[in-house]
């Protein structure tokens with residue numbers, strides 16, 4: 001499936017809004033002006049399901065529920081022209097054919113926090129609605145299993161509400177008695193009947209197996225409970241939240257600049273790739289346009305981390321299939337990448353190196369020779385991975401036709417990135433919605449057609465080759481100029497100006513001590529991250545910190561899809577599928 005490049009954003013927005021007006025009438029809609037680059041439309045609760053059904057089945061349909069979450073509006077100051085709301089739930093839908101999105105919002109009163117579940121329209125709404133219930137206490141009627149998803153079932157309160165504390169010092173000291181420990185352990189016991197599972201039939205007894213939360217193939221603190229008939233998986237229930245650190249809550253008490261290091265820890269294998277959507281969204285709020293040099297540096301380092309992350313994937317993916325040697329080879333190559341990353345940024349895994357307005361400092365002397373050395377090293381290594389591993393008869397036997405899913409199934413579950421392109425969908429944001437100067441580079445978008453474990457592994461090898469092409473173009477055509485924008489909201493300002501002008505010195509002092517003040521508005525930036533589409537949706541209330549930061553990660557929906565893919569499969573197939581997804585739990589739990 002191929003996708004045309006988008007019409008201009010304004011034209012796409014006007015088109016879908018006109019369609020909604022013709023169907024529901026202008027009085028049923030409130031259009032909000034934002035910096036999200038998509039139409040944002042408020043509708044009434046009673047119209048929500050009708051609107052979503054219409055958008056999913058209209059010409060050029062919105063086939064994917066990309067994101068669904070909430071906002072506590074009670075302390076928000078700048079809400080002029082918007083419907084009155086104590087809480088808001090938003091639904092971001094994606095149309096592949098239009099190559100554009102739309103956001104639907106519903107206003108709720110604190111006294112009536114109830115919405116209809118939309119799981120029957122978009123199956124991947126299941127976990128998102130559970131998370132909104134968990135974080136805000138909003139009920140979704142007719143949800144198949146409305147329970148907490150990130151917090152323990154014994155938890156009190158809803159952490160993303162504004163009246164919920166954000167700091168550990170605001171809580172009583174934590175204690176855990178033996179009685180409390182027993183209560184927590186009891187709450188973790190799996191109850192099959194609660195999930196609609198049977199323990200037995202007239203001629204068979206089923207076994208329930210806990211895989212994780214501590215298991216090498218789980219790739220982190222992840223638990224999945226399997227209902228087994230022998231080795232056949234009849235059903236399974238993924239259980240997440242063991243790694244949850246409250247990254248979205250932390251954003252409400254960090255300045256716009258000081259939050260950057262927190263973004264590194266989302267997909268912790270992605271390094272500065274995690275900084276990119278955040279700083280791009282913040283730059284929209286600030287009205288900053290970065291220099292060409294800053295764009296090229298960002299692209300070069302982002303692609304370095306894409307290769308680094310894919311190498312980690314490849315080694316552990318093949319290890320999950322039973323091969324021991326590849327992980328040692330891939331870590332050798334990752335060390336080569338880290339030598340480049342460390343020389344340029346000063347750090348390895350979590351550089352937190354991108355800044356609002358550019359990067360932390362210019363490229364050091366000798367960077368070009370170092371990067372070219374890496375570019376000369378990697379192609380032969382990728383050929384060797386493909387020849388010795390992906391062409392291996394045992395690997396092919398374990399992966400061909402295993403855990404396959406179709407394009408329509410990928411849309412239903414919110415699958416993005418390499419896992420979506422493995423089904424044949426030609427959708428890569430670097431091409432379809434270029435950001436950070438990606439439109440200046442020549443590269444291909446690798447595609448597969450089977451959508452199985454093998455295709456997901458093979459496709460990432462080819463993606464690394466394309467990343468090498470991009471990096472080589474960065475080296476060959478690196479623009480001259482400054483590494484950051486000359487803008488009062490970047491930090492720090494040029495040193496020579498700070499030493500010569502008292503106004504610049506004062507600005508620098510205020511930005512370091514308080515942080516920049518960004519005008520009240522909303523912005524959104526989606527990027528093609530290492531594991532799929534990652535995005536930051538920022539709400540500014542005209543302060544030195546974010547009013548609401550929503551982080552949509554690719555691994556979250558990918559894990560939710562596991563039961564739909566694995567029913568009727570076997571335990572070894574599940575292990576292979578888990579390896580092929582390429583997820584880390586920090587990317588899931590945030």
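Does at least one position in the stretch 503-518 carry a residue that is crowded, with 24+ Cβ neighbours inside 10 Å, in contact with a strand residue (DSSP E or B) (Cβ under 7 Å, 6 or more places away or on another chain) and under 29 Å from residue 301 (Cα atoms)?
So far as the stretch 503-518 goes, yes, one or more of its residues are crowded, with 24+ Cβ neighbours inside 10 Å, in contact with a strand residue (DSSP E or B) (Cβ under 7 Å, 6 or more places away or on another chain) and under 29 Å from residue 301 (Cα atoms).
Given the structure, is residue 547 over 30 Å from residue 425 (Cα atoms), within 26 Å of the chain's Cα centre (by Cα) and assigned by TED's automatic domain parsing to the domain that holds residue 439?
Numbers: over 30 Å from residue 425 (Cα atoms): yes; within 26 Å of the chain's Cα centre (by Cα): yes; assigned by TED's automatic domain parsing to the domain that holds residue 439: yes.
Answer is yes for this residue.
Could you say whether any residue in the stretch 282-296 is over 26 Å from residue 222 (Cα atoms) and touching a helix residue (DSSP H, G or I) at 6+ places or on another chain (Cβ under 6 Å)?
Yes; the residues of the stretch 282-296 include at least one that is over 26 Å from residue 222 (Cα atoms) and touching a helix residue (DSSP H, G or I) at 6+ places or on another chain (Cβ under 6 Å).
I'm trying to understand the selection: among the residues of the stretch 500-532, which are farther than 30 Å from residue 77 by Cβ and out of contact with any helix residue (DSSP H, G or I) (no Cβ under 8 Å at 6 or more places or on another chain)?
Once the filter is applied, which keeps residues that are farther than 30 Å from residue 77 by Cβ and out of contact with any helix residue (DSSP H, G or I) (no Cβ under 8 Å at 6 or more places or on another chain), the stretch 500-532 yields 500, 501, 502.
Going by the conditions given, is residue 268 touching a helix residue (DSSP H, G or I) at 6+ places or on another chain (Cβ under 9 Å), at pLDDT 90 or above and closer than 30 Å to residue 165 by Cα?
Answer is no for this residue.
What's the number of the only condition in (1) surrounded by fewer than 24 Cβ atoms within 10 Å (Cβ to Cβ); (2) in contact with a helix residue (DSSP H, G or I) (Cβ under 6 Å, 6 or more places away or on another chain) that residue 312 fails to meet?
(2)
Just checking, how many residues over the stretch 534-582 are at positive phi and out of contact with any helix residue (DSSP H, G or I) (no Cβ under 7 Å at 6 or more places or on another chain)?
2
The rows are residues; the columns are (1) at pLDDT 90 or above; (2) closer than 17 Å to residue 297 by Cα.
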residue: 309; (1), (2): yes, no
residue: 325; (1), (2): no, no
residue: 331; (1), (2): no, no
residue: 337; (1), (2): yes, yes
residue: 355; (1), (2): yes, yes
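Tell me which residues, restricted to the stretch 386-408, are part of a helix (DSSP H, G or I) and modelled with pLDDT under 90.
In the first step, residues of the stretch 386-408 are kept if they are part of a helix (DSSP H, G or I); the result is 386-390, 393-399, 407-408.
Within the stretch 386-408, 386, 387, 388, 389, 390, 393, 394, 395, 396, 397, 398, 399 meet the criteria.
Just checking, which of 279, 290 is crowded, with 22+ Cβ neighbours inside 10 Å, in contact with a strand residue (DSSP E or B) (Cβ under 6 Å, 6 or more places away or on another chain) and not in a helix (DSSP H, G or I)?
290
Residues that are assigned to a helix (DSSP H, G or I), buried (at least 17 other Cβ atoms within 10 Å of the Cβ) and modelled with pLDDT under 90: does the stretch 377-385 have at least one? Give the derivation first.
Applying the first criterion (assigned to a helix (DSSP H, G or I)) to the stretch 377-385 yields 377-385.
Now narrow it down to the ones that are buried (at least 17 other Cβ atoms within 10 Å of the Cβ): 378, 382, 385.
Still in the list and also modelled with pLDDT under 90: 385.
Within the stretch 377-385, one or more residues are assigned to a helix (DSSP H, G or I), buried (at least 17 other Cβ atoms within 10 Å of the Cβ) and modelled with pLDDT under 90.
Among 427, 411, 443, which is touching a strand residue (DSSP E or B) at 6+ places or on another chain (Cβ under 7 Å) and either surrounded by 17 or more Cβ atoms within 10 Å (Cβ to Cβ) or at pLDDT 95 or above (or both)?
Testing whether each residue is touching a strand residue (DSSP E or B) at 6+ places or on another chain (Cβ under 7 Å) and either surrounded by 17 or more Cβ atoms within 10 Å (Cβ to Cβ) or at pLDDT 95 or above (or both) leaves just 411.
Under 6 Å between Cβ atoms, at least 6 apart or on separate chains: pull out the pairs that start in the stretch 151-169 with a residue that is farther than 15 Å from residue 252 by Cβ and end on any residue that is modelled with pLDDT of 90 or more and surrounded by 13 or more Cβ atoms within 10 Å (Cβ to Cβ).
Close Cβ pairs (under 6 Å, with a partner that is modelled with pLDDT of 90 or more and surrounded by 13 or more Cβ atoms within 10 Å (Cβ to Cβ)) amount to 151/134; 157/164.
Does the stretch 351-362 contain any residue that is assigned by TED's automatic domain parsing to the domain that holds residue 314, part of a helix (DSSP H, G or I) and touching a strand residue (DSSP E or B) at 6+ places or on another chain (Cβ under 8 Å)?
no
Tell me which residues, restricted to the stretch 357-376, are surrounded by 15 or more Cβ atoms within 10 Å (Cβ to Cβ) and free of Cβ contacts under 8 Å to residues at least 24 places away in the same chain.
360, the sole residue that qualifies.
The values are calculated or read from the model by the stated rules, or taken from the named source; none is laboratory data. What you see is a predicted model; the values in this text were computed from it and never measured. Note that we place each Cβ from the backbone using ideal geometry, even for glycine, and neighbour counts take in every protein chain shown.
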